[in-house]
1. Those residues that are among the hydroxyl-bearing types (Ser, Thr, Tyr) and touching a residue at least 24 places away in the same chain (Cβ under 8 Å), I need them from segment B:1-26; list them, please.
2. Considering segment B:160-172 alone, what residues qualify as being closer than 15 Å to B:Glu219 by Cα and at the interface with chain A (Cβ under 9 Å from one of its Cβ atoms)?
3. Within segment A:76-89, can one find any residue that is over 30 Å from A:Thr123 (Cα atoms) and touching a residue at least 40 places away in the same chain (Cβ under 8 Å)?
4. Out of everything in segment B:3-46 that is away from DNA strand C (no atom under 15 Å from the Cβ) and in contact with a strand residue (DSSP E or B) (Cβ under 8 Å, 6 or more places away or on another chain), what residue ends up being nearest to B:Tyr240 (Cα to Cα)?
5. Determine whether B:Leu105 is surrounded by 20 or more Cβ atoms within 10 Å (Cβ to Cβ) and more than 14 Å from every other protein chain (Cβ to nearest Cβ).
6. Working carefully through the options A:Leu183, A:Leu252, find the one that is under 30 Å from A:Thr120 (Cβ atoms) and of a type in the set (A, V, I, L, M, F, W, C).
7. Kindly check whether there is at least one residue in segment A:173-187 that is under 28 Å from B:Phe134 (Cβ atoms), surrounded by 15 or more Cβ atoms within 10 Å (Cβ to Cβ) and facing chain B (nearest Cβ under 10 Å).
Number of protein chains: 2
Amino acid sequence: MELDERKTKILQAIIKNYLETGEPVGSRTISKYTDLNLSSATIRNEMADLEELGFIIQPHTSAGRIPSDKGYRFYVDAMMLEHEKEVEQLKDVLLEKEEKLDHMLKQAAKLMAVNTNYATMVTAPRSSRNVLKFLQLSRMDASHILAVIVIEGNVIKNTVIEVAESLNDETMLKLNILLNTHLNGLSVEEINLGLITALKQQAGMYGPIIEEVIDAVAETIKEDEDLEIYTSGTNNIFKYPELSDNQKASDLINAFEEKQLLTQLIDDTDSEGRNEIKVYIGEESPIQTMKDCSIVTANYEFGDGMRGMIGIIGPKRMDYDKVVGTIKTIKSQLDTMYKKDDN
Amino acid sequence: MELDERKTKILQAIIKNYLETGEPVGSRTISKYTDLNLSSATIRNEMADLEELGFIIQPHTSAGRIPSDKGYRFYVDAMMLEHEKEVEQLKDVLLEKEEKLDHMLKQAAKLMAVNTNYATMVTAPRSSRNVLKFLQLSRMDASHILAVIVIEGNVIKNTVIEVAESLNDETMLKLNILLNTHLNGLSVEEINLGLITALKQQAGMYGPIIEEVIDAVAETIKEDEDLEIYTSGTNNIFKYPELSDNQKASDLINAFEEKQLLTQLIDDTDSEGRNEIKVYIGEESPIQTMKDCSIVTANYEFGDGMRGMIGIIGPKRMDYDKVVGTIKTIKSQLDTMYKKDDN
DNA sequence: TATTAGCACTCGACCTAAATGAGTGCTAAC
DNA sequence: GTTAGCACTCATTTAGGTCGAGTGCTAATA
């Protein structure tokens, strides 16, 4: 059996109607809803076929049909193809550039949540290559040295190092020069034991400090890995009956609190994917607790190789059109925002 | 009518029983539960009195009684008085000192949540006096200066300042000395326009940079105000039927996401309050959406005048004993953790 | 006077049966 | 291939009925 044009039209109509009403769709509704001018009986026959093909499901005998995951997939694929041509932008979704990056990302998450009424997430961008850009030691007080570590993409971290004895200005200067000349431009993998030993030797009696600084650098670069995730609109899930029964809601809320779970959504295929927008429907989701949800994600990219992810999570019965539009809009705004002047 | 000893005993028994079962408590239950050896009829009379006094409530005719807010208040006050003597510590709630402060606070929130099965929050500590401790400008690359700002309590912030032309080492040194000698030890209020003008004059052609740095300092100190709040166990609210109906759950989840709302819980009475533990019951809560909850909070204090808050939020029918114990334990651990060696 | 036993009464919780109605599958006619 | 007609299914709603926990009140008791 094939999916001919009429079946396609009927399937589209069923899904469209279900997205709007949330109720199982009956044959009579379709008979009137479409311009096919077919009787409900004919529709019924076609629906039986569509069910056999796996696109729609009957929740129980004598109820209308609802889309299966496969049905949604078909619908979304068709829609994405449609969208490919028009590069429409939602005019009313306007992200303002904020002073602080974290404020802006939080803002982006919120904007998407308010606009779509779904739960949203935004990950902080991280550099594909974690390279040390700049290192600065300074004496804070007699027993503390402040180490400022800047890695590629202007991610800045600070560490306070305790020292037994105060160091004079000259020593500080020497250490700074030593560290910067040898370490700048290196990634954490490149800072190996041989290099460290060589540096320690050159530093003489200040070897232990070098060691501590390098530890801090490694720590800092690594720490950037457990990346920050901003979420918003979590409580939107209560707006959708299919998600708001206690067990499901609890699991979802938990996933949003334990942001760690959300990292599974982060796409690690390199950017070759043509800046694709990804849609996970129901069972396709990589996160177990979101089997009843659909997830739409996209990567954004700052000028200097920093990449992050934005995502919207809602019920399978989701306004895919709007969600994809919103994601696209926010993505493109983030993409261009830091293109010219960095931070 | 007075609250004599017998009434007190009965009231305590009612509340205790209700805390355990969650069901309205009937007269017969009390008649057997207590060692008063009174018939249910007598208890009924007493209960009618207690209701008249406002300590208990009948959800509907022909149901048992449940405590009113006033009843809970009575119970908690009595309990707190009891606790005053014993300074027991929960042995099994052990907070490990983490490298990073934010990790540790997150950990504290989680620990409390796991231990009590309620939702918890921990605010980052902030200094009562926001004083500039140390300032460091360094040249990051030709057109960017990195300003590192350390305020009292070793809160460190970074800002990148864009400059038109590259500055040489000597100028940088001069600016650093100029800024540090004049600004260190000052609070944001003390950095007034007169001082700024004087500094700008001394800096000559670099006046604009001075201005930007000072702006950044002001910004940084102010920004520390919109403080961070770590939450955990949010989804625990689903464990309590009285909170998990959709509207209430949604509101609560929202309050935990919009952490801003939680700031209302932060106690601004100065520490004179003898390190008191605060209990807000139902209507006493300063947060509208938590009228069906009880909230237990306490302030913790790091050695150097940094203060933060920990709190537990659960249903009114809460295990107050355990919650207060947990709060006390975590508080005292936080209190002592940074007493000797700071950060 | 305080306590208790007894009793009628209330009211939510739970169960069952019947009515409703949306929607189906199938068959026979067009 | 399409449609009208019809019997059938089944979730949802409504109404009625029982059950039992618990009360308030009254009269008897210590």
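1. Correct list: B:Tyr18 only.
2. Residue satisfying the conditions is B:Val160 alone.
3. No - not one qualifying residue is present in segment A:76-89.
4. The qualifying residue nearest to B:Tyr240 (Cα to Cα) is B:Tyr18.
5. So B:Leu105 passes the test.
6. Unique residue meeting the criteria: A:Leu252.
7. The answer is yes; a qualifying residue exists.
Okay, residues lined up against (1) under 24 Å from the mean Cα position of the chain (by Cα); (2) small (Gly, Ala, Ser):
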{"residue": "A:Phe74", "(1), (2)": "yes, no"}
{"residue": "A:Val93", "(1), (2)": "yes, no"}
{"residue": "A:Pro125", "(1), (2)": "yes, no"}
{"residue": "A:Leu132", "(1), (2)": "no, no"}
{"residue": "A:Ser138", "(1), (2)": "no, yes"}
{"residue": "A:Ser143", "(1), (2)": "no, yes"}
{"residue": "A:Thr159", "(1), (2)": "no, no"}
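Quick note: the coordinates plus some simple rules give every number you see, no bench work behind them. Fair warning: this is a prediction, and the values are worked out from it, not measured in the lab. Cβ atoms come from the backbone with ideal geometry, glycine included; neighbour counts cover every protein chain shown.
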